[in-house]
Ligand SMILES: [Zn+2]
């Protein structure tokens with residue numbers, strides 16, 4: 001399944017590139033926000049928004065986010081950034 005995973009990684013990187021530019025800076029330290037992703041054993045892409053400065057994130061572990069939620073999480077991050 002290596003090829004399948006590569007396709008998923010390419011897809012995830014495109015999604016991240018598209019959404020990263022929309023992220024506001026961290027609400028606590030003003031650092032740059034970034035998105036990580038991880039392919040789980042079911043070949044679902046899971047995303048994780050975090051601050052590259054202080055490490056703030058709104059979820060504690062992989063598995064909270066599914067692909068379809070990442071846009072909502074970007075909105076949620078930005079809402080937190082600008083209360
Ligand atoms: Zn921060």
Inset, instruction - Between residue 54 and residue 41, with labels modelled 7 Å along Cα→Cβ, what's the label distance in nm to one decimal, could you check? - result: 3.6
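Suppose R0 equals 25 Å. What FRET efficiency, 1/(1 + (r/R0)^6) with r the Cβ-Cβ distance, do residue 14 and residue 72 give to the nearest 0.05? Write out the running numbers ahead of the final one.
Numbers: r = 18 Å, r/R0 = 0.73.
Efficiency, rounded to the nearest 0.05: 0.85.
Readers should treat all values here as calculations from the given coordinates under stated rules, not as data from a laboratory. In this text the structure is predicted, and so the values were computed from the model without any measurement. For neighbour counting, all protein chains shown are included, and Cβ atoms are generated from backbone atoms with ideal geometry for every residue, glycine included.
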